[in-house]
1. Between helix 62-74 and the chain, what is the angle of the helix's C-alpha long axis to the longest principal axis, kept within 0 to 90° and rounded to the nearest 10?
2. Computed over the Cα atoms, what is the radius of gyration of the chain divided by 2.2 N^0.38 Å, N being its residue count?
3. Hey, any idea what % of the stretch 11-133's accessible area is carbon plus sulfur with a 1.4 Å probe?
4. List every residue whose amide H lies under 5 Å from the amide H of ARG49, counting only residues 5 or more places away in sequence or on a different chain, with H placed 1.01 Å from N in the peptide plane.
5. On a 0 to 90° scale, report how tilted helix 116-131 is relative to the longest principal axis of the chain, with both axes built from alpha carbons and the result rounded to the nearest 10.
Amino acid sequence: MTATQERPMERRLPYDVFARTCPSRGTLEHVTGRWGALTLGALYKGSYRFNELRRRVDGVSEKMLSQTLHALERDGLVHREAQPTNPPRVDYELTPLGREVAERLLALIHCVEGSMDDILTARAAYDASAATP
């Protein structure tokens, strides 16, 4: 395929996530990791306080959620708003870039959720065939 025939997703960009040293790889890991994807998906519905978000993202530890939020904030996907109240109130919400990324993640999440019957059937068939010598 020549450069003029490249598909839209293969156009030349200044960053290449497939290159080991490309900074986009770290962001992709933050976004597509288990807690990053779930956190972005949860925040798509609106602003959450830390403990509300922790309850929404069932199973995440306080430490992992804190690390995830820091990484996503550093990447410019999440905005942290600290209110000067007593006790302090901290809200998290998506930035415009975070909303765009979350929309794409939610499309993938909905695709997976909608395909779970087929996925479970495939898993069962695989497990049955792997169990027989």
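1. 90
2. Details: Rg = 19.0 Å, N = 133, 2.2 N^0.38 = 14.1 Å.
Relative to the rule-of-thumb radius for its length, the chain sits at 1.35.
3. Working: 4760 of 8910 Å².
Taking all protein chains in place, the stretch 11-133 shows 53 percent carbon and sulfur surface.
4. Under 5 Å from the amide H of ARG49: TYR92.
5. Taking Cα atoms only, the helix is inclined about 60 degrees.
The values are calculated or read from the model by the stated rules, or taken from the named source; none is laboratory data. Values in this document were obtained by computation on a predicted structure and should not be read as measured data. Please note that ligands, DNA and RNA were not included when accessible areas were found on the heavy atoms of the full protein model with its side chains. Shrake-Rupley method; radii C 1.70, N 1.55, O 1.52, S 1.80 Å.
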